[in-house]
Amino acid sequence: MTEQTFKRRQGRAPGNPGQPTSPDPDSAWQAAWAAVERQAAACRALRIDGLFDSEPERLDRFCVEAAGLWLDLSRNRLPASGLDALLALVDAAGVPQWRDAMFAGHAINGTEGRPALHVALRSPDGRHRDTVGPAIDAAMQPRPDPLTAPLKVGDEDIRAAVRNTLARMRAFAEAVRDGAWRGATGRPITDIVNVGIGGSHLGPELACGALTGLGHPRLRTHFLSNVDPDAWQHLARDLDPATTLAIVASKSWRTQETAMNALAVREWLLAGGVPEEGLHRHFVGVTANVAGARAFGLTDDTIFPFGDWVGGRYSLWSAIGLPVMLQIGPQAFDALLAGAHAMDRHFADAPPARNAPILLALVSLWNGLVHPGCTEVIAPYSDALARLPAWVQQLQMESNGKRVDRHGNPVAYDTAPACWGEPGTDAQHSFFQALHQGTRIHPIDFVVPVPDAGLGQAATVRSDGGAPFADSGALSRATTLLANAIAQAEALMRGREPAPGDPLGAHRACPGNRPSNTILLDALTPASLGALLALYEHKTVTLGWLWRIDSFDQWGVELGKTLAARIEPLLANDGAPDAGPKGEADVAALSPPSLALLDRIRAIRARRRQG
Ligand code: F6P
C-alpha cells in the first residue's frame with residue numbers, strides 16, 4: 001500500500017472507526033484471508049461425516065445457542081482448523097471493532113456518511129419484561145453500555161425519537177384494533193393495505209405471515225408492492241373503501257412504484273365514497289422523508305417517522321413495522337423487538353468463537369470458497385415463514401452484492417452468493433432433487449420451529465367468527481414436517497450408496513457430503529422471530545466487514561431506475577420517439593435491442609388497435 005492510500009484511509013477515521021490500529025491493516029487482513037483461502041482449497045473434497053470421527057468435540061464447537069435459537073453448523077466441509085483460520089480473519093478484519101462502532105452509532109455506512117442504527121430501534125426501554133422467556137428477559141434488562149447508552153445522530157436524541165414514534169404507533173394501533181379509529185363514514189377498519197416495496201414491504205409481510213395466528217379477528221393485512229396494475233386490481237376486488245386503511249411506507253418517499261400505487265389507492269378511496277376531507281382516516285404514512293409525506297397531503301398526526309440512519313432492508317423494527325403492530329398488537333410487537341435485542345446482546349457480548357451471527361457468517365464465507373459459485377438456500381420448515389427467503393434475499397444480496405471494497409477498490413473474491421428458497425416440504429418436491437444429486441452444491445439453511453405438542457387438541461378458531469373446526473391430525477402432520485427437516489439434513493450429508501448389482505445404481509446413488517445448517521426455534525413466536533431476523537442481519541453485516549465492503553448502501557439499483565424514467569415517455573408515445581429533440585436524444589441513447597423492443601411493442605399495439 002502506498003503512503004498516499006494509507007493517508008487517505010487514515011483520513012476516513014470518523015466514518016471508519018473500526019480501522020485497525022496496526023501500521024498496515026491490509027497486510028494483516030491479507031495474510032489472514034490467504035490462510036483461509038489456502039485451507040478452504042484443501043478442504044474441497046473433505047468428507048463431512050468423517051469430521052465427526054476425527055473431531056470428537058465437533059458438536060460442541062459448531063453448535064451454539066443464542067437468544068433462544070439453537071444453531072447447528074457442524075454439517076459443513078469445515079474442520080476445526082479451518083474455523084481457527086476464519087476466527088483469525090475476524091480479528092484481522094476488525095469485526096469486533098466494526099460491531100462496536102455500529103452499536104455506538106458511528107458512521108459505518110461510509111459511502112453515505114451515516115450510521116446504521118437499526119439496533120437502536122429495539123433497545124429496551126422498560127417494556128414488557130418477564131413476558132417473553134428467560135433468555136430474552138435477561139437480555140432486556142437495561143445495562144449502562146453502548147446498547148442502551150444515550151445516543152445522538154447530529155443533534156437528534158435517537159433514544160427519545162425511537163420512544164416517541166413507538167408510543168405514537170402503539171396509541172394508533174390500539175385505536176385501530178379496538179375500533180376507536182374509524183373510517184370517514186364511521187365504520188371500524190377491517191383491512192390494512194401496506195403500500196411499499198423492498199425493505200418497506202418484505203419485513204412486514206414476512207412478520208405478518210409468520211405471526212398470523214396472533215392476528216386481530218377483525219383485521220386483515222395486505223401488501224401492495226408491485227407497480228403492475230394487476231396487483232392492485234386483484235387486491236381491491238376484496239376491499240371496501242369505507243373500512244380500508246392504507247399505510248404508505250417509503251423511507252425515501254421517492255419510490256416510483258409506491259407513489260403510483262398510493263395514488264391508485266387514493267383514487268379508489270375517493271371513487272368509493274370517502275370524501276377528500278375524510279381521507280386522513282384512511283391514509284397514514286411511514287417515512288424518513290416527512291416533507292415528502294406532507295407534500296402528498298398527509299398531516300403530521302398521520303405520519304410515523306424514522307431516521308435515515310435506518311437502512312431500508314433493516315427497517316422492520318422502525319415504524320415500517322406498523323402493519324405488524326396493527327395485526328399482532330403492541331405487546332406482541334414489543335416481544336418481537338425484545339427477541340431481536342436479545343440477539344443484539346448476544347452479538348455484542350459473545351466471543352467470536354461462540355457468537356452465532358459471526359459463526360453463521362464464517363460458514364457462509366467458507367462455503368463460498370470451498371464450493372466456488374455456490375448459492376445459498378433458505379428452507380423454512382414452516383409455512384408461516386414462507387416469505388423468509390425473500391426477506392433474506394434482499395437483506396443479503398442488496399447489502400453485500402458489491403464488487404468494490406469500501407475504499408472503492410475492486411475486490412478479488414466473490415461476495416454475496418445468490419440466495420433463494422421455499423418452505424419445506426414443498427421444496428423437497430421441486431428443487432431438492434438438484435441439492436441431492438445435481439453437479440453443483442448449494443449449502444442450505446434449515447429453519448425449523450419445533451411444533452407445539454398440544455397441536456390439534458383444541459378446535460381451530462375461524463378468523464371470520466364461523467364455527468371452529470376440528471383438526472385431530474395436526475400434530476401428526478407437524479411431526480411429519482419436523483421429521484422431514486431432520487431427514488433432509490441427514491440425507492444431504494450421508495448420501496446413499498448404490499445397492500450391489502442394482503442396474504439403476506448410478507441413478508439412485510446420492511453422493512452426500514452436501515453442506516447444511518440447522519436453525520432450531522423453540523417455537524415460532526414474536527420473540528423467536530425477532531431473534532431469527534436479527535441473526536440474519538448480523539450475519540449479513542459481519543460478512544460485509546469480512547469482505548471489507550459497505551453493507552449499507554445500494555448504489556447499483558439506481559441505474560435501472562434512471563433508465564426506466566427515460567424509457568417511460570417513449571412507451572407512452574407507443575414507442576415512437578418524441579417529436580422534440582429530447583425524445584430523439586433518449587432514443588439515440590438506447591441500445592439496438594431496446595430500440596427493437598420498442599418497435600415490437602409499437603407494432604403489437606398498432607395490431608391491437610386495428611383488430
Ligand atoms: O430498491 C432500492 C430500495 O431503495 C431498497 O433499498 C428499499 O428497501 C426500496 O428501494 C424501497 O425504498 P423506499 O422505502 O425508500 O420506498
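The values are calculated or read from the model by the stated rules, or taken from the named source; none is laboratory data. Because the structure is a prediction, the values reported are computed rather than measured. For neighbour counting, all protein chains shown are included, and Cβ atoms are generated from backbone atoms with ideal geometry for every residue, glycine included. Only protein heavy atoms, including side chains, enter the accessible area calculation; ligands, DNA and RNA are left aside. Shrake-Rupley method; radii C 1.70, N 1.55, O 1.52, S 1.80 Å.
Can you say whether Leu563 is more than 25 Å from Phe446 (Cα to Cα) and either within 16 Å of the ligand (Cβ to nearest atom) or assigned to a helix (DSSP H, G or I) (or both), as far as the supplied structure shows?
yes
Only residues that are open to solvent by less than 10 Å² (accessible area, probe 1.4 Å) and not in a helix (DSSP H, G or I): list them for the range 343-371, please.
Residue satisfying the conditions is Asn355 alone.
Select from the range 280-299 the residues that are hydroxyl-bearing (Ser, Thr, Tyr) and surrounded by 20 or more Cβ atoms within 10 Å (Cβ to Cβ) and list them in ascending order.
Thr287
Which of the residues spanning the range 34-60 are closer than 19 Å to Ala361 by Cα and free of Cβ contacts under 8 Å to residues at least 60 places away in the same chain?
Those that are closer than 19 Å to Ala361 by Cα and free of Cβ contacts under 8 Å to residues at least 60 places away in the same chain: Ala34, Ala35, Arg38, Gln39, Arg58, Leu59, Asp60.
Which one is modelled with the highest pLDDT among residues in the range 107-132 that are open to solvent by 20 Å² or more (accessible area, probe 1.4 Å) and hydroxyl-bearing (Ser, Thr, Tyr)?
This residue is Thr111.
So, Leu214, is that one farther than 23 Å from Ala264 by Cβ, in contact (Cβ under 8 Å) with a residue 12 or more places away in the chain and within 27 Å of the chain's Cα centre (by Cα) or not?
Answer is yes for this residue.
Those residues that are farther than 13 Å from Ala527 by Cα, more than 16 Å from the chain's Cα centre (by Cα) and either outside any helix (DSSP H, G or I) or away from the ligand (no atom under 16 Å from the Cβ) (or both), I need them from the range 302-329; list them, please.
Correct list: Thr302, Ile303, Phe304, Pro305, Phe306, Gly307, Asp308, Trp309, Met325, Leu326, Gln327, Gly329.
Could you grab the pairs with beta carbons closer than 6 Å, sequence gap of 6+ or different chains, first residue in the range 280-294 and closer than 19 Å to Leu269 by Cα and in a helix (DSSP H, G or I), second one aromatic (Phe, Trp, Tyr) and within 16 Å of the ligand (Cβ to nearest atom)?
Ala293/Trp253
Among the candidates Leu435, Leu492, Leu504, Leu475, single out the residue that is among the aliphatic types (A, V, I, L, M), open to solvent by 30 Å² or more (accessible area, probe 1.4 Å) and touching a residue at least 12 places away in the same chain (Cβ under 8 Å).
Exactly one residue qualifies, and that residue is Leu475.
Restricting the search to the range 170-199, which residues are within 22 Å of Leu224 (Cα to Cα), more than 16 Å from the ligand (Cβ to nearest atom) and in a helix (DSSP H, G or I)?
Phe172, Ala173, Val176, Arg177
Can you spot a residue in the range 64-77 that is under 27 Å from His407 (Cα atoms) and either touching a strand residue (DSSP E or B) at 6+ places or on another chain (Cβ under 6 Å) or not acidic (Asp, Glu) (or both)?
The answer is no, given that none of the residues of the range 64-77 is under 27 Å from His407 (Cα atoms) and either touching a strand residue (DSSP E or B) at 6+ places or on another chain (Cβ under 6 Å) or not acidic (Asp, Glu) (or both).
Quick one: in the range 372-398, which of the residues that are free of Cβ contacts under 8 Å to residues at least 60 places away in the same chain and away from the ligand (no atom under 16 Å from the Cβ) is most open to solvent (accessible area, probe 1.4 Å)?
Asp383
Go through (1) of a type outside the set (Ser, Thr, Tyr); (2) within 24 Å of Ala210 (Cα to Cα); (3) modelled with pLDDT of 95 or more one by one and return the number of the condition Trp545 breaks.
Here Trp545 clears every test but (2).
Could you list all residues from the range 399-432 that are within 16 Å of the ligand (Cβ to nearest atom) and either over 21 Å from Trp545 (Cβ atoms) or of a type in the set (S, T, N, Q) (or both)?
Hits for the range 399-432 are Ser399, Asn400.
State which residue is farthest from Ile320 (Cα to Cα) when the search covers only the range 226-251 and only residues that are within 15 Å of the ligand (Cβ to nearest atom) and open to solvent by 20 Å² or more (accessible area, probe 1.4 Å).
Val227
If I filter the range 200-207 for residues that are out of contact with any Asp or Glu (no Cβ under 7 Å at 6 or more places or on another chain) and away from the ligand (no atom under 16 Å from the Cβ), do I get at least one hit?
So far as the range 200-207 goes, no, none of its residues is out of contact with any Asp or Glu (no Cβ under 7 Å at 6 or more places or on another chain) and away from the ligand (no atom under 16 Å from the Cβ).
Please note which helices (runs of 4 or more DSSP H) are completely contained in the range 469-554 and include at least 1 residues that are closer than 15 Å to Ala356 by Cβ, among the charged types (D, E, K, R) and within 29 Å of the chain's Cα centre (by Cα).
526-547
Which of the residues that make up the range 252-279 are assigned to a helix (DSSP H, G or I), crowded, with 21+ Cβ neighbours inside 10 Å and away from the ligand (no atom under 16 Å from the Cβ)?
If the condition is that a residue be assigned to a helix (DSSP H, G or I), crowded, with 21+ Cβ neighbours inside 10 Å and away from the ligand (no atom under 16 Å from the Cβ), then Leu269 is the only one that fits.
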